[in-house]
Amino acid sequence: MDLTQGTQEEKNSRAKKMMLWFSLISLFMAFAGLTSAVIISRKRPDWSSELELPNIFLISVFVAIISSITFIMAKRTLIKGNRLLTSVLLISTLGLGIIFVFLQFEGFKNLIDSGYHLTGEVSNPKASFIFLIAFFHVLHVIAGLICVLVVIYNHFKQKYSAIKMLGFELAATFWHFVGILWVFLYLLLTFVG
């Protein structure tokens with residue numbers, strides 16, 4: 001397929017999708033580097049293998065999965081022309097994303113209450129990685145929340161339809177990627193760490 005062919009709108013669409021995928025690959029590489037660091041660092045003598053992730057992080061895994069499902073359902077209802085249900089599902093996705101961020105900070109609080117810290121004399125490498133990875137991920141979830149807000153705004157302005165939903169699809173792709181990423185990170189920190 002020749003990427004230079006098609007209407008200007010089709011070319012812009014392909015360019016935006018390609019930029020998103022380059023961004024996601026870069027994000028993947030950053031987390032792959034952190035994953036490698038965890039795998040290598042767990043052999044250190046000061047690695048705290050008895051440290052377990054707070055249960056609230058597991059709850060956040062389910063919240064992330066449900067939020068992806070609501071985004072998928074929102075796209076399907078938009079394609080079917082049900083604007084009201086699409087609105088409800090998009091707002092639900094936003095709400096679940098906010099709950100996810102809240103749960104992450106509660107997880108940080110649980111770690112601190114258990115005596116673990118990011119840095120300092122009472123910190124250890126595993127706790128530091130948990131704080132670093134989870135916080136870095138939360139920043140991307142916040143970026144995703146901004147994308148969802150833009151989608152909601154554009155939806156209320158009736159800029160999307162069954163045949164015109166590029167922004168919707170780009171935001172959904174980013175949201176699903178960040179959700180899948182959290183499931184992977186949770187499993188990494190639970191079973192590898």
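The values are calculated or read from the model by the stated rules, or taken from the named source; none is laboratory data. In this text, all values refer to a predicted model and were calculated from it rather than measured experimentally. Methodologically, a virtual Cβ is constructed for each residue, glycine included, from the backbone with ideal geometry; neighbour enumeration extends over all protein chains shown.
Taken over the stretch 41-58, the criterion of being surrounded by 15 or more Cβ atoms within 10 Å (Cβ to Cβ) and at pLDDT 95 or above is satisfied by ILE56, PHE57.
Of all the residues that make up the stretch 68-107, how many are assigned to a helix (DSSP H, G or I) and either charged (D, E, K, R) or at pLDDT below 95 (or both)?
Matching residues across the stretch 68-107 total 4.
When restricted to residues that are closer than 15 Å to ILE66 by Cβ, among the hydroxyl-bearing types (Ser, Thr, Tyr) and surrounded by 20 or more Cβ atoms within 10 Å (Cβ to Cβ), the stretch 80-128 contains 1.
Kindly indicate which of GLY144, GLY167, GLY179 is under 30 Å from ARG83 (Cα atoms), without any contact (Cβ under 8 Å) to a residue 40 or more places away in the chain and in contact with a helix residue (DSSP H, G or I) (Cβ under 7 Å, 6 or more places away or on another chain). Among GLY144, GLY167, GLY179, only GLY167 is under 30 Å from ARG83 (Cα atoms), without any contact (Cβ under 8 Å) to a residue 40 or more places away in the chain and in contact with a helix residue (DSSP H, G or I) (Cβ under 7 Å, 6 or more places away or on another chain). Just the residues that are without any contact (Cβ under 8 Å) to a residue 12 or more places away in the chain and of a type in the set (Ser, Thr, Tyr), please, taken from the stretch 147-164. Of everything in the stretch 147-164, just one residue is without any contact (Cβ under 8 Å) to a residue 12 or more places away in the chain and of a type in the set (Ser, Thr, Tyr), namely TYR153.
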